[in-house]
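I have placed the structure first, in the form of structure tokens, so that the comments after it can refer back to it.
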Amino acid sequence: MSNPWRTELVWAFWALILAITVGRIVGLGITTVVLLTVALVLARHIFHIRRLVVWLKGGSSSEFPKGSGIWEEVYYLIYQLRRRSKRRKKKLVKMLERYRTATAALPDATVVLGPREEIEWFNDEAGKMLGLRKSDIGQQIINLVRLPKFIHYLQQSDFSAAVSMPSPVAENVHLDIRVVPYGGNLRLLVAQDVTQLKFMERVRSDFVANVSHELRTPLTVLKGYVETLSDAGEIVPEHYARMFKRMQEQTNRMQNLINGLLSLTRLESSSPPALHKQVDVPSLLKSICEEAGVLGTEQPRIDLQLETNVDLLGIEQELRSAFSNLVINAVKYTPATGSINIRWYETGGGARLDVEDTGLGIAREHIPRLTERFYRVEVGDQRNKVGAGLGLAIVKHVLSRHDGELTITSTLGKGSCFSCWFPAKRLIRQTLPALKRLG
Ligand code: ADP
């Protein structure tokens, strides 16, 4: 390709020669000759602009119009751009096809939702699990899957957790549904069939509940006899008395274990706490502190600070069990010379209960596992502190049922702080001010 600007100059030169020749023949003045030259150059450009528009509208990218000078270059560059974008488009279509084939083969149901929650695409599994048909494409999913739980989940903005619900097609099929926002305002809905998992979970929890229940009666009888024998005084030789004492400790431990397991099963199987029952938190905390204060003769000082009079909406029995577990733990793991500070206050759009102690503390590696069932940290001689390792699992369960969160901070040898946070929707203000400080 020769230099396009030189060709343009040659074109302008020939236009000038033509204008001068015509000017001589017709007898035109110099200004008219210049204007005629400009008009000729302009006519050439208008001709090519028109050709370019016709070519672009035609959509053909296989060949481009012939031209000369700068127009040859313009045609060629646009031709190249069009070819490149066509190639990219082909590649993208192929990628999309591959992606769709892969998603279609997934064992989970996948639905692509548009900005108005309309169905853009779904795989075969989604058809089976959610009862969708090809003709549903373009329709809003909430008009097809009408379960209130699902609609509520889709209309909120936090999709960090999945929602569990029965399949709209078959009641006995359980689905875990998760939404993943992507690409601006699109959303990917993934549903997983967890029927088998739920069944196994139920079998496990029924088994634990049944075994715990069946063990309760023989254990009560055993405990009664052991208690009678331990209290028999001088009738029982000292050698046996020590044995009975040990037996009594172990039967108590077994009873705590069974009670803990039954509490957990109850928490797992009952429906979430309603929002209409008000629990008087300040009174609850006062009574827990009073009870904890008489646990033993030598124990740390308990300090209760009630900085707010807000109450919780939930189940009193569950909250009592969670809060007293924390307070009893603090008493158990703090020496008599230490102190426990319990604080109920408003913070971060919710309310928080801190149970802080100056006790043994917990090494950092144990903290993430403390709320697991039966997880215990063995330190030194704990014979009189032996617990079932279920207390914190119960606390976590109760809090999550009340939309709360448990945070544990601790320094070995210095003390721990167990903090329960509740969101604003679980709070209700008392009508009478109850701000008091108990020593
Ligand atoms: P347990 O019945 O053994 O107390 P928990 O689930 O209540 O079971 O507690 C689990 C473990 O967490 C305990 O074994 C104990 O080591 C540790 N722990 C709980 N609370 C405290 C605390 N306030 N200070 C130190 N360690 C604690």
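Here, each number is a calculation from the coordinates, and none is a lab measurement. As the structure is a computational prediction, the values presented were derived from the model and not from experiment. For neighbour counting, all protein chains shown are included, and Cβ atoms are generated from backbone atoms with ideal geometry for every residue, glycine included.
Note on LYS86: aspartates and glutamates with a C-alpha under 18 Å away, same-chain residues under 8 apart excluded, are GLU63, GLU97. Averaging Cα coordinates gives a centre for segment 255-274 and one for segment 108-145; these two points are 38 Å apart. Spatially, segment 195-234 and segment 64-81 are offset by 89 Å when compared through their Cα centroids. Size of segment 9-138: Rg and Dmax of its alpha carbons, in Å, are 28.5, 89.
The eigenvalues of the Cα gyration tensor, multiplied by 5 and square-rooted, give segment 245-358 an equivalent ellipsoid with semi-axes of 26, 22, 10 Å from largest to smallest. Of the GluC sites (Glu not before Pro) found in segment 173-240, not one falls in a DSSP loop while having at most 12 other beta-carbon atoms within 10 Å. Projecting the Cα atoms of CYS417, VAL74, TYR240 onto the charge dipole of the chain, computed from C-beta unit charges around the Cα centre, puts VAL74 farthest toward the positive end.
Order of ILE49, ILE394 from fewest to most other C-beta atoms within 10 Å? Please list the in-between numbers first.
Details: ILE49 12, ILE394 22.
Ascending Cβ contact count within 10 Å gives the list ILE49, ILE394.
For segment 63-159, the spherically averaged projection of the C-alpha convex hull amounts to 9.8 nm². Dipole magnitude for segment 278-438: computed about the Cα centre from +1 point charges on Lys and Arg Cβ and -1 point charges on Asp and Glu Cβ, it is near 160 debye. The simple Förster model, with R0 at 30 Å and r as the Cβ-Cβ distance, assigns LYS245 and HIS213 a FRET efficiency of 0.60. In terms of other Cβ atoms within 10 Å, CYS289, CYS420 run from fewest to most in the order CYS289, CYS420. For the chain, what class follows from the C-alpha gyration tensor (a ≥ b ≥ c being the square roots of its eigenvalues): rounded when a/c is under 1.5, otherwise prolate if a/b is larger than b/c, else oblate? Prolate, because a/c is 1.5 or more and a/b exceeds b/c. Here's the list of lysines a cross-link from LYS89 could span, going by alpha-carbon distance under 27 Å and ignoring same-chain residues fewer than 8 apart: LYS57, LYS66, LYS134. Comparing ASN3, ALA109, VAL53 along the charge dipole axis of segment 1-154, the residue lying farthest to the positive side is ASN3, per the Cβ-charge model.
Ordering GLY387, LEU427, LEU262 by Cα displacement along the dipole of the chain toward the positive end leaves LEU427 in first place; charges were set at the Cβ atoms of Lys, Arg (+1) and Asp, Glu (-1). Computing Rg and the Kirkwood Rh from the Cα coordinates of segment 106-193 gives a ratio, Rg/Rh, of 0.91. Dipole magnitude for the chain: computed about the Cα centre from +1 point charges on Lys and Arg Cβ and -1 point charges on Asp and Glu Cβ, it is near 2880 debye.
Could you state the per residue volume, in Å³, of the convex hull enclosing the Cα atoms of segment 278-438? Can you show the working numbers first?
Numbers: hull volume 17.2 nm³, N = 161.
Once divided by residue count, the hull of segment 278-438 is 107 Å³.
Using the Cα gyration tensor of segment 259-309, with a ≥ b ≥ c the square roots of its eigenvalues, what is the shape: rounded (a/c below 1.5), prolate (a/b larger than b/c) or oblate (neither)?
oblate
Using the Cβ-Cβ distance between VAL194 and LYS86 with R0 set to 56 Å, the FRET efficiency from 1/(1 + (r/R0)^6) comes to roughly 0.80. For segment 187-312, the dipole from Cβ point charges (+1 on Lys and Arg, -1 on Asp and Glu) about the Cα centre works out to 520 debye, to the nearest 20.
Please arrange HIS174, HIS402, HIS239 by how many other C-beta atoms lie within 10 Å of their C-beta, fewest to most.
Numbers: HIS174 18, HIS402 23, HIS239 7.
The most exposed by this proxy come first: HIS239, HIS174, HIS402.
Summary value for the chain: 10 percent relative contact order, contacts being C-alpha pairs under 8 angstrom separated by 6+ residues.
Which of the GluC sites (Glu not before Pro) found in segment 317-426 are loop residues per DSSP with 14 or fewer other Cβ atoms within 10 Å of their Cβ?
Numbers: sites: GLU318, GLU346, GLU356, GLU365, GLU372, GLU378, GLU405; in loops: GLU372, GLU378.
When the GluC sites (Glu not before Pro) of segment 317-426 are filtered for loop state and at most 14 Cβ neighbours within 10 Å, GLU372, GLU378 remain.
Based on C-alpha pairs under 8 angstrom that are at least 6 apart in sequence, segment 278-438 has a relative contact order of 29 percent.
Dividing the Cα radius of gyration of segment 192-289 by 2.2 N^0.38 Å, with N the residue count, gives 1.60. Applying both filters, DSSP loop and at most 16 other Cβ atoms within 10 Å, to the GluC sites (Glu not before Pro) of segment 1-103 gives GLU63.
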